[in-house]
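K.L.:
Sharing a structure, written as structure tokens. Questions coming.
Please treat every number below as a calculation from the coordinates, not as lab data. These numbers were taken from a predicted model, which means no experiment stands behind them. Please note: Cβ atoms are built from the backbone with ideal geometry, for glycine as well, and neighbour counts cover all protein chains shown.
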Amino acid sequence: MRFFAAIAFMAATALTPALAARPIGFAEQAPAGGALVVALASEAELASRGESIDAATREAIARALRSAEFDYAPGSSMTLRGVGPWSQLVVVGTGAEPLDAAALQDIGGTAAAETSGNDGPVALLAKGLAPSTADAAVQLGVGASLGGYSFDRYRYADPAKKRAPGKVAPLTIVTADAGAAKARFEREGEPLAEAVAFVRDLISEPANAVYPESFVARTREAFAGVGGVEIEVLDVAAMERLGLGSILSVGKGSARPPRMMIVHYRGQGAPAAPIVLAGKGITFDSGGISLKPGNGMWEMKTDMSGAAAVVGTALSLAKAGAPVNVVAIAALAENMPGGSASRPGDVVKAGNGKTIEIINTDAEGRLVLADALSLAEARYDPAAIIDIATLTGSVVGALGAEYAGLLSRHDALADQLLAAGDATGEDVWRLPLHPSYAKDVKSDIADIKNSGTGAPGAGYGAHFIGFFVDPATPWAHLDIAGTAWNDAAEPTVPQGAAGYGVRLLDRFVRDFRPVPRGEGKGGY
Ligand code: BES
Ligand code: MN
Ligand code: ZN
């Protein structure tokens with residue numbers, strides 16, 4: 001009997017790397033062949049969710065699950081080969097808790113990762129997984145799209161094996177009301193998943209491919225044909241005219257000139273006051289004259305993750321036609337130790353006239369953001385400003401890869417970011433912004449210095465950036481130095497560029513409730 005030939009193995013955390021992203025489809029009936037994925041909380045669910053599987057095969061699956069002592073925990077999975085008509089049969093554990101959006105995305109992600117080596121079509125049985133079938137199917141689709149991501153453009157492609165982009169077999173989510181699920185996925189899910197993939201591509205690219213001008217070019221390409229969007233790019237001459245001496249000082253040591261890119265998306269029926277999202281876009285951070293050690297320096301190609309996240313968020317919202325008003329500012333520069341680089345001790349002037357003593361040229365993220373936020377304050381009357389940056393090693397020490405650091409003077413704004421983190425699974429943890437940091441970054445000769453003298457490095461970085469924002473403006477800072485790059489694969493975040501921040505900020509902007517202006521007192 002064929003089920004005796006089944007081989008089972010557990011793969012709780014180890015995910016096979018993906019080869020190419022599959023298109024996501026929806027259908028009401030399970031296909032008769034290919035790979036099949038069943039998400040289960042218990043063996044008992046096999047009968048209902050797996051109703052399209054014949055009884056003998058269901059029994060074979062149940063035996064394999066029992067003999068492997070499969071525990072159905074979230075994130076667990078088991079692959080069987082040689083059962084029924086399927087080339088591969090994957091059981092994904094869901095756990096017994098009700099499934100929220102993030103949990104559904106994880107199931108989709110695990111399904112995609114576990115079947116990534118399979119060249120044929122994949123079906124995921126989703127009937128009855130969550131009360132709202134269309135919602136659940138959309139989240140599964142987003143998760144499958146995110147979890148199936150891989151960056152393989154620089155790998156040798158064996159012509160015999162290569163799956164041409166148009167020829168990749170789809171991952172089909174089997175659900176009641178497939179038509180409604182498909183429509184909702186295309187409207188809401190796909191723009192988000194595509195934006196995350198765009199961001200991961202930008203981050204994964206080496207710094208000889210992505211530098212300020214090419215970052216701009218790729219962004220223009222991604223937004224081509226998307227309505228309601230205006231893109232403005234400030235070159236060196238334009239930034240000189242505006243007095244953006246802080247970002248210019250960071251870019252000076254590189255042969256690649258800096259840029260300030262502003263992507264404004266205004267949806268139909270959007271509020272008049274925009275939410276400004278400003279991202280640190282250091283396309284490579286060598287440290288400059290305060291040169292970093294060589295070990296691990298390559299990872300500093302990811303130092304533009306904040307800029308990628310804000311542009312990606314605008315892309316997701318714009319492609320979805322969300323009724324929001326959002327300005328994404330990408331502060332782009334390469335931090336290099338060339339002959340015209342800034343020196344430690346140099347004094348520069350930001351766009352709002354405040355002067356900065358550069359104590360350490362490796363504290364460059366806050367320098368580019370000082371000008372981005374000065375510009376935001378001068379040009380817009382923002383409902384809120386959020387900046388996002390791979391800013392400090394300090395936040396990695398405090399929060400590791402699990403949480404982004406959140407620092408804000410405005411509790412009502414911070415709470416909305418915490419809620420968006422909960423809802424999306426892109427977690428944030430609030431850190432203090434103590435008024436005493438002001439004395440630690442006091443300069444002897446300028447208005448502020450770019451590096452403090454004590455230990456709370458993430459706090460100093462946030463304080464410095466906040467110095468360039470009107471204290472009345474609702475503002476929050478996200479330090480993503482620990483979350484931007486994933487060392488080990490997770491269901492919706494393959495190893496490598498996480499694309500962290502797009503899901504978080506997309507949710508935050510959609511759910512935003514205006515925060516009263518006024519001197520922020522929170523966060524201490
Ligand atoms: N880009 C780095 C921060 C970073 C560290 C990002 C590790 C990702 C992983 C940033 O520009 C930096 O160099 N920060 C310094 C600041 C210091 C010189 C005040 C740091 O954190 O050591
Ligand atoms: Mn640095
Ligand atoms: Zn940096």
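K.L.:
Mind checking the full-extension length gain between Glu51 and His434? Use 0.36 nm per residue of separation minus the Cα-Cα distance, one decimal, nm.
P.N.:
132.0 nm
K.L.:
May I have the pair-distance distribution P(r) for the chain, computed from all Cα-Cα distances with 10 Å bins from 0 and rounded to whole percent?
P.N.:
Result returned by the calculation: 4, 19, 28, 23, 14, 8, 3, 0, 0.
K.L.:
Please report the antiparallel percentage of DSSP beta bridges with both residues in the range 326-483, rounded to the nearest 5.
P.N.:
40 percent
K.L.:
Here is a further query. Given a Förster distance of 51 Å, report the FRET efficiency between Val347 and Ala488 from their Cβ-Cβ distance, rounded to the nearest 0.05.
P.N.:
It comes out at approximately 0.75.
K.L.:
I'd like the distance between the alpha-carbon centres of the range 94-152 and the range 200-229, rounded to an integer number of Å.
P.N.:
Here the answer is 28 Å between Cα centres.
K.L.:
Another question about this same structure. Once both axes come from the Cα atoms, what is the angle between helix 305-320 and the longest principal axis of the chain, in degrees from 0 to 90, rounded to 10?
P.N.:
The helix 305-320 is inclined about 60 degrees to the chain.
K.L.:
How big is the antiparallel share of DSSP beta bridges in the chain, given as a percent to the nearest 5?
P.N.:
45 percent
K.L.:
While we're here: To the nearest 0.05, how large is the calculated FRET efficiency for Asp152 and Ala209 if R₀ is 22 Å and r is the Cβ-Cβ distance?
P.N.:
0.95
K.L.:
Helix 502-511 sits at what angle to the longest principal axis of the chain, using alpha carbons and giving 0 to 90 degrees rounded to 10?
P.N.:
Orientation of helix 502-511: about 80 degrees from the principal axis.
K.L.:
Also, I was wondering about something else. Between the DSSP loop rule and a limit of at most 11 other Cβ atoms within 10 Å, which GluC sites (Glu not before Pro) in the range 21-87 are left?
P.N.:
Sparse-neighbourhood loop GluC sites (Glu not before Pro): Glu69.
K.L.:
What is the distance, in nm, between label points placed 7 Å from the Cα along the Cα-to-Cβ direction at Glu59 and at Ala455?
P.N.:
With each label point 7 Å from Cα toward Cβ, the separation is 6.5 nm.
K.L.:
Would you mind calculating the gained length between Ala183 and Ala419 on full extension (0.36 nm times residue separation, minus the Cα-Cα distance), in nm to one decimal?
P.N.:
My answer for the length gained is 82.3 nm.
K.L.:
Let me ask something else about it. Using θ = phi - 60° and the Karplus curve 6.51 cos²θ - 1.76 cosθ + 1.60, what whole-Hz ³J(HN,Hα) does each residue of the range 400-416 get, with Gly and Pro shown as x?
P.N.:
In residue order, the calculated couplings are x, 8, 7, 9, 7, x, 10, 10, 7, 8, 10, 4, 5, 7, 4, 4, 5 Hz.
K.L.:
Right, next: Can you return the aspartates and glutamates within cross-link range of Lys349? Criterion is Cα-Cα under 12 Å, with same-chain partners fewer than 8 residues away left out.
P.N.:
Partners found: Glu240, Glu357, Asp371, Asp447.
K.L.:
Quick one: what does P(r) look like for the range 63-144 with 5 Å bins over all Cα pairs, in whole %?
P.N.:
Result returned by the calculation: 3, 15, 25, 25, 18, 11, 3.
K.L.:
Work out the FRET efficiency for Ala273 and Ala224 from their Cβ-Cβ distance, taking R0 = 30 Å, and round it to the nearest 0.05.
P.N.:
After rounding, the FRET efficiency stands at 0.60.
K.L.:
A follow-up question, please. Can you compute the helix-only [θ] at 222 nm over the chain? Use -39500 (n - 2.57) per DSSP H run of at least 4 residues, normalise by all residues, nearest 500 deg cm²/dmol.
P.N.:
Per the formula, -10000 deg cm²/dmol.
K.L.:
Mind checking the full-extension length gain between Asn295 and Asp135? Use 0.36 nm per residue of separation minus the Cα-Cα distance, one decimal, nm.
P.N.:
53.1 nm
K.L.:
Roughly how many Å is it from the Cα centre of the range 402-434 to that of the range 362-399, as a whole number?
P.N.:
15 Å
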